[in-house]
Amino acid sequence: KAGVTQTPRYLIKTRGQQVTLSCSPISGHRSVSWYQQTPGQGLQFLFEYFSETQRNKGNFPGRFSGRQFSNSRSEMNVSTLELGDSALYLCASSLDRYEQYFGPGTRLTVT
Amino acid sequence: DAKTTQPPSMDCAEGRAANLPCNHSTISGNEYVYWYRQIHSQGPQYIIHGLKNNETNEMASLIITEDRKSSTLILPHATLRDTAVYYCIVRVARNAGNMLTFGGGTRLMVKP
């Protein structure tokens, strides 16, 4: 079974721009969660989608948004990028309730 | 979800058992103990989870104390590839959400 895939793997953007990251979950998984990892804050939960609906949301500003499509693929968008948004963005998928499977992440650098 | 306390770092000799402790003294009756690990620059990897009985799989064993206030993850024969940050997470397994709250974890260094 193919794992969670994330595209792109690396991205460089300029302050003020916006960015869209994509995540394809494991086949059959309906839950997709997004996390941000930085050296200072560690791994932090952004939001979770299940059956195209946002089910949980972490403590991030409204510049961070996401969506899920009918095939369970998910995208997250960050608008008006700030230097502090430089991070590894991780996506995880789950059948639900138990273990989550993480993708390799997208490393975003904001200059 | 209950909070966890882990030592920030540990060393282990290659081929020996690595025993990683986790304290979760405020755990509730319906909360599970999960372990994930993150090898440098990769996404976290699920290892094992349990409620109150000890659990074992191909990767590790999980020992939970009878009062459930602490647990130990055991890697029976650590290899260099087990060098990673290990996260102990306590959460309710539920249909209404999959949010994981990561702490600082334990950085395990396996040495030859």
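Numbers for the structure displayed
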| quantity | calculated |
| --- | --- |
| Lone cysteines, the protein assembly as shown (no partner Cβ under 4.7 Å) | B:12 |
| Inter-site label distance for residue B:13 and residue A:82 at 7 Å from Cα along Cβ, in nm | 5.0 |
| Rounded if a/c under 1.5, otherwise prolate or oblate - region A:13-52, Cα gyration tensor axes | oblate |
| Chain A, Cα convex hull volume normalised per residue, Å³ | 93 |
| Under-5 Å amide H pairs with residue B:109, H placed in peptide plane, nonlocal only | B:10, B:11, B:12 |
| Relative contact order (percent, whole number), chain B, Cα cutoff 8 Å, 6+ residue spacing | 37 |
| Once the Cα gyration tensor of the protein assembly as shown is diagonalised, semi-axes √(5λ) in Å | 30, 20, 16 |
| Partners for residue B:3 among lysines (Cα-Cα distance below 18 Å; same-chain residues under 8 apart left out) | B:52, B:69 |
| For the pair B and A, total buried accessible area rounded to nearest 100 Å², probe 1.4 Å | 1700 |
| For residues of A:38-45, the mean tally of beta carbons on other chains within 10 Å | 3 |
| Residue-normalised accessible area of chain B, expressed per residue, 1.4 Å probe, Å² | 50 |
| Heavy-atom accessible surface of region A:1-108: percent carbon and sulfur, 1.4 Å | 48 |
| Reduction of at least 30 Å² in accessible surface, 1.4 Å probe, comparing all protein chains with the chain by itself, residues of region A:63-111 | A:97, A:98, A:99, A:100, A:102 |
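The values are calculated or read from the model by the stated rules, or taken from the named source; none is laboratory data. Note that this is a predicted model, so its numbers are computed, not measured. Heads up, the Cβs are rebuilt from the backbone with ideal geometry, glycines too, and the neighbour counts pull from every protein chain shown. These accessible areas exclude ligands, DNA and RNA; they are computed on the full protein's heavy atoms, side chains included. Shrake-Rupley method; radii C 1.70, N 1.55, O 1.52, S 1.80 Å.
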